[in-house]
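What follows is a short report on a single structure.
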Amino acid sequence: MKYSKLFPKTQKASPAGAESVNSQLLTRAGFIHQEMAGVYSFLPLGWRVLNKISDIVREEMTAVGGQEIVMPALHPGDNWKKTGRFDSFDVLFKLKGAQDSDFVLGPTHEEIIYPLAAEFVSSYRDLPLALYQIQIKFRNELRAKAGLLRGREFLMKDLYSFHTSDEDRNKYYEKVREAYLKIFKRIGLPVVETKAGGGTFSDISQEFQTLTPSGEDIVYICKKCSHAINTEIYDNSGKCPECGGEVDEEKAIEVANIFPLKSAFAETFKLTFQDEKGEEQIVSAGCYGLGISRVMGTIVEVFNDEKGIIWPETVAPYQVHLVGLDLEDKEIKAKVEDVYNQLQAAGIEVLYDDRDARAGEKFADADLIGIPTRIVVSKKTGEKIEVKKRNEKETEFMSLKTLLAKIK
């Protein structure tokens, strides 16, 4: 991609009202654009990052037997009235349709997935079943803030699993827990597994929290056994409930959670099956959520410096940021174009800054955007290419052949 054609370009100043690091840097670097409080457009660079996160999630969900579907964002209000959440869910967007019909913009999808499963599950032979989606969610937050961390519209992956018994569900629960750890390892985002209360959905849940001073959540981590617990179920004793050790209080961002679902949804929508004896049983279920856009915002909160974003390699919008200098020289320009073409031919994703701009401006934009590897071709570099990692200070010079081998 040539930077001269990329929409939009970087901005020097942070947008008015942007308090969080992720909203400032992502907006300035041209990844997102705020349309109103808690609602963003994802621009070409931002959409590439979201897709890379989503692809990693898809691969790991498929590996544990999940089948991808897409459920509607617009829900029939009657389903929410059946569960009692039409009036009790405090951040619900409600709409009026034709003939005064009630609709809901989905903040979660139990009211869709349960009646859907109930239509097709009738026997123990139909189970276990795991269905997931990556879908836009809507929550009418009273105070949308912190950029992508607390929005009114956001992208989320949710997986629902259905089983013949709690025992089978618990085994699958462990598989998904391990898959989540793989996801965050692949993304490059450190997480702490944290015990928490389940609230509306469950008696208990397990959160995946990223420790950062900008986090809104509080977690308590044992200095001795590393057991972590959410503030909602912590007894404020200063001691670890597992081993009795001293605990540290840390700020964190919740990026995912998993929990067994209560039987109420299955009972409401009559999600049952006939067991091997021909007796009717209630389906046991689990829910596994992961905030795709929230992960993107969290990465920026954690990986940045005074110059801009520092993307982990697996989710960066491009692998290489090619900076061409002295482009008024036809020989140099031809060399830069050749490097660009060879990188693309080798299957390497490259953003090429082909603008007629000062070196300082190009370097500042490269640092702000945060692509992992910056390479420079100019009169100064001669037959070599200047290579610098975004998270390192030193530069080195190497041939294109060496660079291609190193990147691959």
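Numbers below:
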item: Criterion: surrounded by fewer than 17 Cβ atoms within 10 Å (Cβ to Cβ), outside the structural domain of GLY30 (by TED's automatic domain parsing), basic (Lys, Arg) and more than 28 Å from VAL21 (Cα to Cα) - qualifying residue of LYS393, LYS384; result: LYS384
item: Spans of strands (runs of 3 or more DSSP E) in the range 213-320 with at least 3 residues under 17 Å from the mean Cα position of the chain (by Cα), modelled with pLDDT under 95 and buried (at least 22 other Cβ atoms within 10 Å of the Cβ); result: none
item: In the range 103-125, the residues that are in contact with a strand residue (DSSP E or B) (Cβ under 7 Å, 6 or more places away or on another chain), closer than 19 Å to ASP275 by Cβ and not in a loop (DSSP other than H, G, I, E, B); result: ALA117, SER123, TYR124
item: Test result for GLY46, touching a residue at least 12 places away in the same chain (Cβ under 8 Å), over 15 Å from the mean Cα position of the chain (by Cα) and buried (at least 19 other Cβ atoms within 10 Å of the Cβ); result: no
item: Of all residues making up the range 143-190, the number that are among the hydroxyl-bearing types (Ser, Thr, Tyr) and within 15 Å of the chain's Cα centre (by Cα); result: 1
item: Residue match in the range 245-252 (condition: free of Cβ contacts under 8 Å to residues at least 24 places away in the same chain and not charged (D, E, K, R)); result: yes
item: Yes/no for LYS330 being free of Cβ contacts under 8 Å to residues at least 24 places away in the same chain and farther than 17 Å from LYS5 by Cα; result: yes
item: Any chance LEU149 is in contact with a helix residue (DSSP H, G or I) (Cβ under 8 Å, 6 or more places away or on another chain), crowded, with 17+ Cβ neighbours inside 10 Å, aliphatic (A, V, I, L, M) and more than 23 Å from VAL64 (Cα to Cα); result: yes
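Listed here are the residues, each with its yes/no results for (1) in the same structural domain as PHE154 (by TED's automatic domain parsing); (2) within 30 Å of ASP217 (Cα to Cα); (3) in contact with a Leu (Cβ under 7 Å, 6 or more places away or on another chain).
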site: LYS270; (1), (2), (3): yes, no, no
site: GLN274; (1), (2), (3): yes, no, no
site: THR298; (1), (2), (3): yes, yes, yes
site: TRP311; (1), (2), (3): no, yes, no
site: ASP326; (1), (2), (3): no, no, no
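The values are calculated or read from the model by the stated rules, or taken from the named source; none is laboratory data. Keep in mind that what you see is a predicted model, and the values were worked out from it rather than measured. Quick reminder, even Gly has a Cβ in these numbers, built from the backbone with ideal geometry, and neighbours come from all protein chains shown.
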